[in-house]
1. Please list log₁₀ I(q)/I(0) at q = 0.24 Å⁻¹ for the range 10-118, using the Debye equation with identical point scatterers on the alpha-carbon positions.
2. What is the percent of Cα-Cα separations in the range 59-119 that go past 17 Å?
3. Taking the Cα centre of the chain as the origin and placing charges on Cβ (Lys, Arg +1; Asp, Glu -1), which of Ala8, Asn104, Phe50 is farthest toward the positive end of the dipole?
4. So if I place +1 on the C-beta of Lys and Arg and -1 on the C-beta of Asp and Glu, and nothing else carries charge, what would the dipole magnitude of the chain be about its Cα centre? I want it in debye, nearest 20.
5. I'd like the carbon and sulfur percentage of the solvent accessible area for the chain, probe radius 1.4 Å, heavy atoms only, ligands and nucleic acids excluded.
6. Karplus couplings for the range 95-110 from phi (6.51 cos²θ - 1.76 cosθ + 1.60, θ = phi - 60°), rounded to Hz, Gly and Pro as x?
7. For the range 25-118, which GluC sites (Glu not before Pro) are in a loop by DSSP, counting at most 16 other Cβ atoms within 10 Å?
8. Which pairs break 19 Å Cα to Cα here: Lys49/Lys102; Lys23/Lys62; Lys10/Lys62; Lys25/Lys62; Lys23/Lys68; Lys23/Lys98?
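The values are calculated or read from the model by the stated rules, or taken from the named source; none is laboratory data. Model, not experiment: these values are computed from the prediction. Here the Cβ positions follow ideal geometry from the backbone for every residue, glycine too, while neighbour counts run over all protein chains shown. SASA here: full protein model, heavy atoms, side chains in, ligands and nucleic acids out. Shrake-Rupley method; radii C 1.70, N 1.55, O 1.52, S 1.80 Å.
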Amino acid sequence: HQAPRLRAMKSQALFDAMAAAVKTKGAELVKMGGAVFQFIVSDGGPEGKFTLDLKNGTGDAKKGEDPKADCTITIADADLVAMADGTLDGMQAFMGGKLKIKGNMMLAQKLAAILQAAK
């Protein structure tokens, strides 16, 4: 008898796409990003922590946290997905309190372009 699995996090597909993009065009994304981004999906539990390294070598993308991240983005699952597909504006999300940013605010502004490039 297994414990019921939590409903799958929708932004997992986004994390997978970012990881795949880093594999295929990491060097290009590192030029765009130049930083380590930490994503925390506020309602994602342990699965909701994802690190996107667009600073070192040809980049890296992995589950978990990087305490040295340059920019930490905390956002709910549905809001991250909406931002990635362009239905939620990052600035509006931030102003509305749906998006929290720790660290370098300017880096967060690069995120929309990076999310688009990861598709």
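1. Taking Cα atoms of the range 10-118 as identical point scatterers yields -1.54.
2. Details: 709 of 1830 pairs.
That fraction is 39 percent.
3. The one lying farthest along the dipole's positive direction is Phe50.
4. Values: 16 positive and 13 negative charges, 26 e Å.
Charge dipole of the chain: 120 debye, to the nearest 20.
5. Heavy-atom surface of the chain belonging to carbon and sulfur, 1.4 Å probe: 57 percent.
6. With coefficients 6.51, -1.76 and 1.60, one gets 5, x, x, 7, 10, 10, 10, 10, x, 6, 4, 4, 5, 4, 5, 7 Hz.
7. Within the range 25-118, the qualifying GluC sites (Glu not before Pro) (loop, at most 16 other Cβ atoms within 10 Å) are Glu65.
8. Numbers: Lys49/Lys102 15 Å; Lys23/Lys62 12 Å; Lys10/Lys62 17 Å; Lys25/Lys62 16 Å; Lys23/Lys68 22 Å; Lys23/Lys98 30 Å.
Where the Cα-Cα span goes over 19 Å, the pairs concerned are Lys23/Lys68; Lys23/Lys98.
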